[in-house]
Amino acid sequence: MVIKIIRAFTKRIFNSIFSKKDQIKLGFYGPPNAGKTSLANKICQDWVGEDLGSVSKVPHETREIQFKEKVTIEKNGKKLELKLIDTPGIATKVDFEDFLKFGLKRKEAQARAKEATHGIIESIKWLDDMDAVVVVLDSSLNPYSQVNVTIVGNLVARKIPVLIVGNKIDLKKSDLKKLSEAFPEYAVVGISARTGDNMEEFYEALFKLVKKVK
């Protein structure tokens with residue numbers, strides 16, 4: 001109990017130090033390997049010349065909250081200052097055996113699964129600190145998944161402004177129409193974080209999203 005109180009207090013102090021009213025806290029959410037960190041990296045490369053985090057084909061590469069302060073985006077004479085918050089991928093189940101397929105040893109896989117589970121819990125907790133959220137989904141996969149419903153359901157409950165990003169439009173199986181049909185209440189923009197395709201449209205959508213922030 002005492003530990004929980006200390007953590008809560010530390011989090012409030014952390015937010016008071018690093019959060020500013022003129023800086024929009026933009027969270028990146030989605031299932032593992034959808035491209036959240038890749039998109040966050042692309043934005044950072046475009047505007048600050050460096051990456052935010054590392055990426056990997058192994059699921060749950062991002063297992064802790066990571067962020068980049070004061071990322072200023074400029075478009076059509078307007079500026080947008082963001083705090084980019086990259087979160088661990090959301091999953092309804094984490095099985096250490098899944099990591100064995102990627103060459104991890106048993107103990108490494110078990111440790112990674114434990115860290116990934118903790119990361120998922122932290123991701124959900126951090127939703128309360130977000131001003132707006134970009135939900136990054138793999139546009140080549142079926143959008144009607146339990147994970148996606150869970151993510152969007154949490155956002156709806158908190159009334160957080162949302163932009164749906166269909167990543168990996170460079171893949172043949174990419175289908176943005178399915179994404180739009182699955183989430184008709186939200187704007188959907190397709191990109192490829194890997195190739196940089198359609199980033200201009202993404203930035204336009206981002207400015208529109210921020211207008212909804214109270």
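The numbers here are math on the coordinates, done by the rules we state, and not lab data. Remember, it's a predicted structure, so these values are computed and weren't measured experimentally. Methodologically, a virtual Cβ is constructed for each residue, glycine included, from the backbone with ideal geometry; neighbour enumeration extends over all protein chains shown.
For this structure, a couple of remarks:
- For VAL48, VAL133, order by how many other beta-carbon atoms lie within 10 Å, fewest first: VAL48, VAL133
- Under the simplified labelling scheme, the LEU171-THR92 pair shows an inter-label distance of 1.9 nm, with each label point 7 Å from Cα along Cα→Cβ.
- Residue exposure sequence - ARG112, ARG158 - by fewest surrounding Cβ within 10 Å: ARG158, ARG112
- With R₀ set to 30 Å, the beta-carbon distance separating LEU100 from GLU122 gives a calculated FRET efficiency near 0.75.
- Taking LEU163, LEU171, LEU84 as the candidate residues, the one with maximal mean-square fluctuation in a Gaussian network model of the chain, Cα springs under 10 Å, is LEU171.
- Length gained when the stretch TYR144-GLU181 is fully extended (0.36 nm per residue, less Cα-Cα span): 12.3 nm
- Short-range pairs are left out: with C-alpha atoms under 8 Å and at least six residues apart, the relative contact order of the chain is 20 percent.
- Selected from ALA34, ALA187, ALA116 as most flexible by GNM, with the chain as the system and alpha-carbon contacts under 10 Å: ALA187
- Theoretical FRET efficiency, 1/(1+(r/R0)^6), r = Cβ-Cβ of ASP46 and LYS208, R0 22 Å, to 0.05: 0.75
- Taking PRO143, PRO31, PRO184 in turn, the Gaussian network model of the chain (Cα-Cα springs below 10 Å) assigns the largest fluctuation to PRO184.
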